[in-house]
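Notes to accompany the following structure.
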Amino acid sequence: DQQVKQNSPSLSVQEGRISILNCDYTNSMFDYFLWYKKYPAEGPTFLISISSIKDKNEDGRFTVFLNKSAKHLSLHIVPSQPGDSAVYFCAANDQTGANNLFFGTGTRLTVIP
Amino acid sequence: DAGITQSPRHKVTETGTPVTLRCHQTENHRYMYWYRQDPGHGLRLIHYSYGVKDTDKGEVSDGYSVSRSKTEDFLLTLESATSSQTSVYFCAIRGPGTEAFFGQGTRLTVV
């Protein structure tokens, strides 16, 4: 069973507009959430994270929102740029056991110039 | 950039042969992971290590084994490769912070 879900396989956005990527999770023991960005033929790179004790974290054009009651988080990119075109993975840290990261299936973002 | 390298970067192998992928880090991080990436599945954890000679299974460990005899090296072995193990394999390391750093990946094709 997928504990972290990204229900939108793809998203297209005009340059300069906002991109919103969504992620849902099922495990209430997740204590930390991360977003990774992946270009073709490269490994995923860390983008931004949020602790479960917060509801918002901002880093430049990137903001992550966490709604614990809904078990939902989202990544906002404003303004979107063509270089943001990539696959974005949501990940959650399981604080039990070995602190493993569980990943969603990814959302391919295309920013149209 | 985190010092993590994977080898080989590409490999084609025949069904039934053993294959070993190597992950090498220069960061002295305690945790090391092997993931596979497949369309529609995202990144799935195969095995992980929390120290030298300390390893455990992840979500999709059947058909795979690992070894960690030194802090810097984490080996993933496909004991008898099958076509279902055709995938892109990523190694990751994790230190005191919560984010993991990934290698460039190994594209494995089993024919």
*Considering only protein heavy atoms, what is the solvent-accessible area of residue A:5 at a probe of 1.4 Å, reported in Å² to the nearest 10?*
90 Å²
_Please report the antiparallel percentage of the DSSP beta bridges confined to chain B, to the nearest 5._
90 percent
*Which of the residues in the stretch B:72-98 show a loss of at least 20 Å² in accessible area from their chain by itself to the complete set of protein chains, at a probe of 1.4 Å?*
B:90, B:94, B:98
*asked:* Which one, B:105, B:47, A:78, is farthest towards the positive end of the dipole of the protein assembly as shown when Lys and Arg carry +1 and Asp and Glu -1 on their Cβ?
replied: A:78
*Treat every Asp and Glu Cβ in the stretch A:4-112 as -1 and every Lys and Arg Cβ as +1, leave all other atoms uncharged, and give the resulting dipole magnitude about the Cα centre to the nearest 20 debye.*
160 debye
*Which FRET efficiency value, to the nearest 0.05, do you get for residue B:73 and residue A:69 by plugging their Cβ-Cβ distance into 1/(1 + (r/R0)^6) with R0 = 30 Å?*
0.10
*Take the solvent-accessible surface of the protein heavy atoms, probe 1.4 Å, and return the percent of it on chain A that carbon and sulfur atoms account for.*
47 percent
*Estimate for me the total accessible surface buried between chains A and B (protein heavy atoms, probe 1.4 Å, no ligands or nucleic acids), in Å² to the nearest 100.*
1600 Å²
*Please state the Cα pair-distance histogram of chain B with 5 angstrom bins from zero: what percent is in each bin?*
2, 13, 25, 27, 19, 10, 3, 1
*Mean-position separation - Cα centroids, the stretch A:12-62 and the stretch B:62-78, in angstrom*: 30 Å
*Sequence of A:55, B:62, B:73 when ordered by accessible area, the most exposed leading, probe 1.4 angstrom*: B:62, A:55, B:73
_Cα centre as origin, Lys/Arg/Asp/Glu Cβ charges: the protein assembly as shown dipole, Debye_ = 140 debye
*Given a 1.4 Å probe and the protein chains all in place, what does the accessible area of residue B:99 round to, in Å² to the nearest 10?*
50 Å²
*Any chance you could list the semi-axes, whole Å, largest first, of the equivalent ellipsoid that the Cα gyration tensor gives for the protein assembly as shown, using √(5λ)?*
30, 20, 16
_If you count only protein heavy atoms with a 1.4 Å probe, what accessible area per residue comes out for chain B, rounded to a whole Å²?_
47 Å²
*Residues of A:37-48, mean number of Cβ from any other protein chain within 10 Å of their own Cβ, rounded to a whole number?*
4
*Which sequence of B:24, B:47 reflects their accessible areas, 1.4 Å probe, from the largest down?*
B:24, B:47
*For the pair residue A:39 and residue A:1, how long in nm is the line joining their label points, each one 7 Å along Cα→Cβ?*
3.8 nm
*Excluding ligands and nucleic acids, what accessible area in Å² is computed for residue B:30 using a 1.4 Å probe, to the nearest 10?*
140 Å²
*Be a star and scan the stretch A:73-93 for residues whose amide nitrogen sits under 19 Å from the point 7 Å along the Cα-to-Cβ vector of residue A:17.*
A:75-88
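The values are calculated or read from the model by the stated rules, or taken from the named source; none is laboratory data. Please read these numbers as outputs of a predicted model, since none were measured by experiment. Glycine also receives a Cβ, built like all others from the backbone with ideal geometry; neighbour counts cover every protein chain displayed. What goes into the accessible areas is simple: the full protein's heavy atoms, side chains included, and nothing from ligands, DNA or RNA. Shrake-Rupley method; radii C 1.70, N 1.55, O 1.52, S 1.80 Å.
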